[in-house]
Amino acid sequence: MECAFSDDFDQLHEDPYLGQPSWEKAERRLLEEAIAETLRKGKIEAQKVNLLFAGDLLNQIISSTFAAQTAGVPYFGLFNACATAGEALALAALLIESGMATYTLAGAVSHNASAERQMRFPTEYGSQRPKTAQWTVTAAGAGLLSATGEGPSVTWVTVGRVVDSAMSDPYNMGMAEVPAAVDTLVTHFKESGRKPSDYDLIVTGDLAAYGLEAAQQLLRDAHLDLGERLMDAGATYYGSDPSVQAGASGAGCIASFLFGHLLTRMRRHELNRLLVVATGSLHSPVSIEQGDNIPCIAHAVALENN
């Protein structure tokens with residue numbers, strides 16, 4: 001699958017194995033490359049980074065752990081499913097703001113084949129996917145934060161609550177994440193005192209086609225009409241490619257969309273005030289098999305050009 005915004009990415013691979021012997025090791029390699037490229041572009045040595053926040057979708061976030069080992073940077077491993085990049089960025093910014101760090105890294109990664117093998121059915125099985133299903137992105141994204149610099153800057157963080165989606169279908173994660181996304185957006189505007197018009201763009205991820213439509217209606221019901229300012233990473237990541245069903249998902253979706261495409265647009269000053277709402281469904285194969293609803297979360301991070 002080809003991302004509609006791949007021109008804004010630093011590295012592209014035609015080989016989904018990245019020369020590695022397994023999908024899982026390819027996923028690890030993606031995050032290693034993202035971290036190395038971020039440090040190179042930031043013109044900073046790994047030894048000067050105080051802390052790395054990163055996560056992925058595999059058991060025990062093993063891809064991030066091995067990538068952190070390669071980087072040699074103090075490490076906090078995170079899991080918030082597809083919202084992990086938002087969690088990582090929020091924590092990395094808050095640590096800088098507290099004065100406890102000068103440089104931090106935030107990142108996340110996912111691989112379609114490794115996620116399918118762990119969470120659903122291996123690709124080789126050839127299972128039929130419903131129209132509400134989403135295609136896990138094979139990508140990684142990472143960002144470097146510092147106490148000083150030209151920006152863009154993180155100016156507000158709204159940490160989400162875990163919300164019961166009232167849904168148990170793992171093939172409809174976009175709809176499951178809607179209540180959490182709406183709850184965080186309502187909370188953000190209430191607590192920050194800001195208005196939707198204060199932002200050039202508000203990006204959720206990964207509600208995909210069906211979730212985005214439902215979120216727009218629920219936001220209007222809450223007297224928050226975001227109009228054309230609202231974009232969903234999952235709904236736009238692969239353009240109009242019908243083979244991805246409802247759209248994109250995965251920890252690497254919002255990570256690569258934010259740290260690649262959106263920050264590039266901010267550096268060009270096409271966007272100056274951006275609100276990113278990373279969404280995640282926090283289920284596991286165990287919880288699904290036991291008949292639990294899918295718990296979901298969303299974190300909002302505001303970025304602004306200085």
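Below are the figures for this structure:
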| item | result |
| --- | --- |
| Cβ pairs under 7 Å, 6+ apart, first in the range 23-45 and in a loop (DSSP other than H, G, I, E, B), second aliphatic (A, V, I, L, M) | Ile44/Leu144 |
| Some residue of the range 194-215 being touching a His at 6+ places or on another chain (Cβ under 9 Å) and touching a residue at least 12 places away in the same chain (Cβ under 8 Å) | yes |
| Which listed residue, of Val154, Val182, Val186, is among the aliphatic types (A, V, I, L, M), assigned by TED's automatic domain parsing to the domain that holds Arg268 and in a strand (DSSP E or B) | Val154 |
| Qualifying position, being within 16 Å of Cys253 (Cβ to Cβ) and either of a type in the set (A, V, I, L, M, F, W, C) or surrounded by fewer than 20 Cβ atoms within 10 Å (Cβ to Cβ) (or both), among Leu212, Leu224 | Leu212 |
| Output for the range 255-306, where each listed residue is among the hydroxyl-bearing types (Ser, Thr, Tyr) and in a helix (DSSP H, G or I) | Ser256, Thr264, Ser287 |
| Matching option when the condition is among the small types (Gly, Ala, Ser), touching a residue at least 24 places away in the same chain (Cβ under 8 Å) and not in a helix (DSSP H, G or I), among Gly19, Gly107 | Gly107 |
| Residue match in the range 135-158 (condition: under 28 Å from Glu213 (Cα atoms) and modelled with pLDDT under 95) | yes |
| Any hit, the range 273-293, residues being surrounded by fewer than 18 Cβ atoms within 10 Å (Cβ to Cβ) and in contact with a Pro (Cβ under 7 Å, 6 or more places away or on another chain) | yes |
| Residue in the range 46-81 that is farthest from Ala298 (Cα to Cα), counting only those that are part of a strand (DSSP E or B) and among the aromatic types (Phe, Trp, Tyr) | Tyr75 |
| Considering residues of the range 126-151 that are in a loop (DSSP other than H, G, I, E, B) and touching a His at 6+ places or on another chain (Cβ under 9 Å) only, the residue farthest from Leu275 (Cα to Cα) | Thr138 |
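The values are calculated or read from the model by the stated rules, or taken from the named source; none is laboratory data. Values in this document were obtained by computation on a predicted structure and should not be read as measured data. Backbone-built Cβ (ideal geometry, glycine too); neighbour counts: all protein chains shown.
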